[in-house]
Each structure stands twice: as structure tokens, then as C-alpha cells.
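Have a look at the structure that comes next, please.
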Amino acid sequence: MKTRLLCSLVGLAISLALPTFAQQTNTPIPQLREELLALTRKFDVAYNNGDAAALAALYTEDAIEVTDQGPIYGRKALEKHFADVFQKVHFSNHLLTLDQDSPHIIGTTGNEVWETGAWSQTIQGQNFGPIQLKGYHSSIAVREGGIWKKRLVTWNITPAPAAPAQTK
């Protein structure tokens, strides 16, 4: 009797868990991908326009961006960081891309995703440049009030290839 009850409970638990696993898929959802691509285009426009307020508005209030100089915590700190950077450096040709299989839904509600991709840009300072930079990024985006925003962003800078050795 106990064995039958135990088997029944295990079967019930598995049957309830399967729909949850079925909802978590790595198959890209075209509409979701388009929504996240629209967010990346807003990042491109804000960087290329040097608009710190518009760029910071694309982050959640509690966002974190992990940079090559360390993490920056919160939307207000991010806005100040971008304003300081835009005073020293002009960005152009900023382009974010998403990997073909991005984004990936976190959980079952569809309101959180993680994504990966590449980025490139040209920077020009008062005493340097233009310099072409590129690298890779990853992020977690959340939907707040129907609007996608970044909660966590990480990125790196890919070093330029080494110059070929000269032969004598």
C-alpha cells in the first residue's frame, strides 16, 4: 500500500513538473527577440548621441553594470558615469548585436531574459583617436510595466590582433 501511494505521489510530482520544464526553452521567440533588438537600438542611439539620461533610462533602478574598471551600482550612478565619460569621449558607430540564439527566458513568466552578443564602436577623445573598439556583452533584461530594461550588464574589450612579425 505504501509503495503504491509513494509511486502515485512521484508520478503526480513528475506530471506537474514537466510543463514547467517544457516552458523553459532555448528556442528563440521571434517577437521577444525583436523587442530586445529594439532595446539594443536604443542603446546605440543614446551612445552615439552622448545622451547620459537616455542611456541611464534603459536600466532598472537597481541595475548593475560590470565594466573593465569595476561595477557601477544603480541607475543614478550609471547616469553620472555616462555623463562623465561623454564629457571626455565622443562615441560613434556604436553597435550592439545579439547572438542568434539570444535571448533566453529565465523562469516561466517571460518577464526576465538573459542574452549574449557582441558590440563595437569608435571613440574619439580630445587628445586621441579615433580608436575602434569591440568586444562581447551579456546581460539580464527585465520587463517593467511592459518596457524592457537592463538589470545587469557585463562586457569586455577584445584586444586587437597582434601585429605580424617582421622578417629580416
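Under the rule of at least 5 residues apart or a separate chain, name every residue whose amide H is placed under 5 Å from the amide H of Gly117.
Asp99, His137
Right, something else. I need to check one value: relative contact order of the stretch 33-140, counting alpha carbon pairs closer than 8 Å and at least 6 residues apart, in percent.
Relative contact order for the stretch 33-140 comes out at 22 percent.
Would you mind working out the accessible area per residue for the stretch 84-168, using a 1.4 Å probe, and quoting it in Å²?
I get 63 Å² per residue for the stretch 84-168.
Sort Phe128, Phe82 from largest to smallest accessible area, using a 1.4 Å probe on the heavy atoms of the protein chains. Intermediate results must be reported in sequence, preceding the final value.
Working: Phe128 85, Phe82 5 Å².
Putting Phe128, Phe82 in descending order of accessible area: Phe128, Phe82.
While we're here: If you consider only alpha-carbon coordinates, what radius of gyration and Dmax does the stretch 22-168 have, in Å?
Over the stretch 22-168's Cα set, Rg and Dmax evaluate to 16.8, 65 Å.
Now for a different question. Tell me which residues come under 5 Å, amide H to amide H, from Ala63 once H is placed; ignore anything under 5 positions away on its chain.
Close amide H contacts, sequence-distant or interchain: Gly74, Arg75.
Leaving ligands, DNA and RNA out of it, work out the accessible area of Ile131 with a 1.4 Å probe and give it in Å² to the nearest 10.
70
How big is the shadow of the Cα convex hull of the stretch 46-130, averaged over all directions, in nm²? Please report the intermediate quantities before stating the final value.
On the way: hull surface 26.4 nm².
Value for the stretch 46-130: 6.6 nm².
Give me the one-decimal nm value for the distance between modelled label points at Tyr136 and Gln166, 7 Å along each residue's Cα-to-Cβ direction.
So the two model labels end up 3.4 nm from each other.
Also, I was wondering about something else. Enumerate the amide H contacts of Leu58 below 5 Å, restricted to partners 5 or more residues apart or on another chain; note that Pro and chain-start residues carry no placed amide H.
Under 5 Å from the amide H of Leu58 lies no amide H from a residue far enough along the sequence or on another chain.
The values are calculated or read from the model by the stated rules, or taken from the named source; none is laboratory data. These figures come from a predicted structure and were not determined experimentally. When we count neighbours, we look across all protein chains shown, and the Cβ atoms used for this are built from the backbone with ideal geometry, even at glycine. Heads up: the accessible areas ignore ligands, DNA and RNA and are worked out on the full protein's heavy atoms, side chains in. Shrake-Rupley method; radii C 1.70, N 1.55, O 1.52, S 1.80 Å.
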